[in-house]
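Note sheet for the following structure.
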Amino acid sequence: MSVDRFVARLAIPRSTWYYWRAAHIDGRPHRRWPAPVLDWLEEPAAEQAHQWSAWGHRKIGAMVRADGGHASQSSVYRALKRRDLLQPARYQAERRQWAAARKKAFVEPPIRRNRVWQTDFTEFEVTSGSTWQIAPVADYAAKVVLAAEVSARKTGPDAVRSLRAAIDGAEVILGGTIAILMGVANRAEIAAELQAGGLAGDTPVAAVHAATTLRQEVVRCRLDELGCAAVRSPAVIVVGAVAALDIIGADAVGVTPGRSGHSAN
């Protein structure tokens, strides 16, 4: 093994290795280099590691810095290593394996939105020293946070309030306006997914090609007709009540009808 690889495994400088080697050959004890940062950092880092035993050295370092300390990630790593408080080398790989095991809980993992929601409480410490509880609710398939209620407690009613807020958030999304970019080629699949997620088939749709230019084209249809509509690519597809409105009228913005749709003067 080369010296470079050897010192990298030990996480020490080359000069330290050569100093230790020379001391060993000469038969004299080697002195420990002063490390005032590690000496100061060892105790607060260990305290955070004991309080948050599932965290790695990066998060521990962030907590130390949040408390007013100044330490790099490498210093936190070495400080925790002194106390034998580092996570195992394959800790993150194990967490990914746990995530895979959770997916196996489904006979068929959900691939559409509004099938499975996830929620849990997360503690958030503010500068005053108090702790707040955040309860985000995320859609399992869409990976969208529908709500994130904040409270000072972590009780059943707080969880129910977060779920009710998520229901309200989902209703806003379904009843609002959706803009789809780069979706012309997959418009039939997108329309099917939106209808499966709860949108009505008669929801207005407008596909705008070359918007705000002399070549602008607007194709209007229902959501259940989007798959067979003649839409030129690229286009922005707008889904929702606003798609039924003709907001590019000549009286409003000074445009005249062009060969294909409306075009600006």
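The values are calculated or read from the model by the stated rules, or taken from the named source; none is laboratory data. Everything numeric here is computed off the predicted structure, so don't read it as measured data. Methodologically, a virtual Cβ is constructed for each residue, glycine included, from the backbone with ideal geometry; neighbour enumeration extends over all protein chains shown.
Would you check if Trp98 is modelled with pLDDT of 80 or more and not acidic (Asp, Glu)?
Values: modelled with pLDDT of 80 or more: no; not acidic (Asp, Glu): yes.
No: the conditions fail for Trp98.
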field: The one condition in (1) surrounded by 10 or more Cβ atoms within 10 Å (Cβ to Cβ); (2) of a type outside the set (D, E, K, R); (3) at pLDDT 85 or above that Ala11 fails to fulfil
entry: (3)
message: For segment 127-143, give me the residue count where each residue is of a type outside the set (Val, Ile, Thr) and more than 30 Å from Glu193 (Cα to Cα).
response: 5
query: Is it the case that some residue within segment 144-153 is over 30 Å from Ala243 (Cβ atoms), touching a Pro at 6+ places or on another chain (Cβ under 7 Å) and outside the structural domain of Gly201 (by TED's automatic domain parsing)?
result: no
Tally, over segment 121-151, of residues that are touching a Leu at 6+ places or on another chain (Cβ under 9 Å), small (Gly, Ala, Ser) and over 15 Å from Val172 (Cβ atoms): 2
- prompt: Out of (1) in contact (Cβ under 8 Å) with a residue 40 or more places away in the chain; (2) more than 20 Å from Asn114 (Cβ to Cβ); (3) touching an Asp or Glu at 6+ places or on another chain (Cβ under 7 Å), what's the single condition that is false for Ala210?
  reply: (1)
message: Against the condition of a type outside the set (Val, Ile, Thr), modelled with pLDDT of 90 or more and surrounded by fewer than 17 Cβ atoms within 10 Å (Cβ to Cβ), how does Ala230 come out, does it pass?
response: yes
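Scanning for something surrounded by 12 or more Cβ atoms within 10 Å (Cβ to Cβ) and either modelled with pLDDT under 85 or under 35 Å from the mean Cα position of the chain (by Cα) (or both), does segment 22-29 turn up at least one residue?
So the first thing to find is which residues in segment 22-29 are surrounded by 12 or more Cβ atoms within 10 Å (Cβ to Cβ), and the list is 23.
Those left that are additionally either modelled with pLDDT under 85 or under 35 Å from the mean Cα position of the chain (by Cα) (or both): none.
No, the conditions are met nowhere in segment 22-29.
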